[in-house]
Amino acid sequence: MLPGMRPRPGITIVGAGNLANALAGSLTQAGYKIEGVIARSGGASLRKAQELAKETGARASVTPAEAQAAVVWFCVPDAEVAHAALALVEKIDWKKKVGLHSSGALTSDELGALRQRGASVASVHPLMTFVRSSRPSLRGAPFAIEGDRAAVKVARCIVNDLGGRAYPIRKTDKAAYHAWGTFASPLFTALLATTEQVAAVAGVKPNAARRRIIPILLQTLANYAAFGAAGGFSGPIVRGDVDTVKRHLRVLRKVPAAREVYLALARAALLYLPAKQKDSLRKALDFQPD
């Protein structure tokens, strides 16, 4: 350790899914020691934990016997956070330890059982998407943090070391915050899947549709980043092109689910974005011929 550097606490990770893998890799690169990876059970869960432990120089186990690290980070699905904490509450001395979980929707109170045993707890959620075949960098990623003062302080230091950006969040805002994130990635992916169905009506196969759509997607994101939603909005609605919208609605009768998505998003556009001929567009969207 170089002069002036603060010591970094050892970390035990509970779980070995997509988030755990990305987080463990980033923590290791940032100079943190992953002391253990605790699997939820044997079988496939343990095998994943063993793979992650081998990669990070940790020990994998289905028991917390090796969980002597100062920080225990729960990287399990939302429905399992409280259960995982209860499973470990009697098996670890929680005094002076920090317990963290990374649920976006749930508050630090999910770890309340650990708090009662002397731990300081917090929720630390990276606003990032994690899928099986990808390990995104957490550098620059925003982390929403709330919880006990001591745990929040530790969490902020870890996030800074990861190159992320720590932001406070109120417990009462977590559900809305997570809904926001769901719009930004999972539901955006659902929208992209819907575009493939519409492309098929135009005679374009899914793989070709994905390749062809990437340039306009990238430019749309660039426009949004540079000019905001209003400045980056284009197409028939902003122009007030009612006839084109009607043509879209007619052809989308072939894909009823996609038509419903179109209607919902077009109505949202009329609420939140600039558009000409708004009254005429609303009538076109509301007209449902047999």
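Every read-out reported here was derived from the displayed coordinates using simple, explicitly stated rules and does not represent laboratory data. Everything quoted here is computed from the prediction, not taken from an experiment. Methodologically, a virtual Cβ is constructed for each residue, glycine included, from the backbone with ideal geometry; neighbour enumeration extends over all protein chains shown.
Can you list the chymotrypsin sites (Phe, Trp or Tyr not before Pro) in the range 243-290 that are in a DSSP coil and have 12 or fewer other beta carbons within 10 angstrom?
In loop regions of the range 243-290 (DSSP not H, G, I, E or B), the sparsely surrounded chymotrypsin sites (Phe, Trp or Tyr not before Pro) are PHE287.
Check cross-link reach from LYS33 to the lysines: straight Cα distance under 28 Å, and skip same-chain residues fewer than eight apart.
By straight Cα distance, LYS33 reaches LYS48, LYS54, LYS91, LYS95, LYS96, LYS97, LYS153.
Subtract the Cα-Cα distance of ALA87 and THR220 from 0.36 nm times their separation in residues, and report this length gain in nm to one decimal.
Gain in length upon complete extension: 43.3 nm.
What FRET efficiency comes out for the pair ARG267/ALA44, r = Cβ-Cβ distance, R0 = 30 Å, nearest 0.05?
Calculated transfer efficiency: 0.10.
For the range 93-148, go through all pairs of different Cα atoms, get the mean of 1/r, take its inverse, and jot down that Kirkwood value in Å.
12.3
log₁₀ I(q)/I(0) of the chain at q = 0.10 Å⁻¹, via Debye over equal Cα point scatterers, no solvent, to two decimals?
The Cα Debye sum returns log10 ratios of -0.68.
If you take the beta carbon distance between LEU187 and THR244 as r and set R0 to 25 Å, what does 1/(1 + (r/R0)^6) give as a FRET efficiency, to the nearest 0.05?
Given R0 = 25 Å and the Cβ-Cβ separation, E is 0.50.
What is the spin-label model distance, in nm, from LYS254 to ASP78 if the labels are put 7 Å beyond Cα along the C-beta direction?
Result for the modelled spin labels: 3.7 nm.
Less than 10 Å Cβ to Cβ from ARG259, Lys/Arg counted +1 and Asp/Glu -1: what total charge do the surrounding residues give?
Values: positive: ARG250, ARG253, LYS254; negative: GLU260.
So the surrounding residues net to +2.
Indicate, rounded to the nearest 5 percent, the antiparallel portion of the DSSP beta bridges found entirely in the chain.
Taking every DSSP beta bridge with both residues in the chain, the antiparallel ones total about 20 percent.
What are the ³J(HN,Hα) values, in whole Hz, obtained from phi via the Karplus relation 6.51 cos²θ - 1.76 cosθ + 1.60 with θ = phi - 60°, for each residue of the range 73-78 in sequence order, with x given for Gly and Pro?
In residue order, the calculated couplings are 10, 8, 10, 10, x, 3 Hz.
I need the shape label for the range 185-286. Rule: rounded when a/c is under 1.5, else prolate if a/b > b/c, else oblate, with a, b, c from the alpha carbon gyration tensor.
It is oblate, given that a/c is not under 1.5 and a/b is not larger than b/c.
Tell me, what is the Rg over Rh of the range 11-173, with Rh the Kirkwood radius over Cα pairs?
Rg/Rh for the range 11-173 comes to 0.92.
Quick check: the distance between the Cα centres of the range 82-146 and the range 25-55, to the nearest angstrom?
Between the Cα centres of the range 82-146 and the range 25-55 lies a distance of 16 Å.
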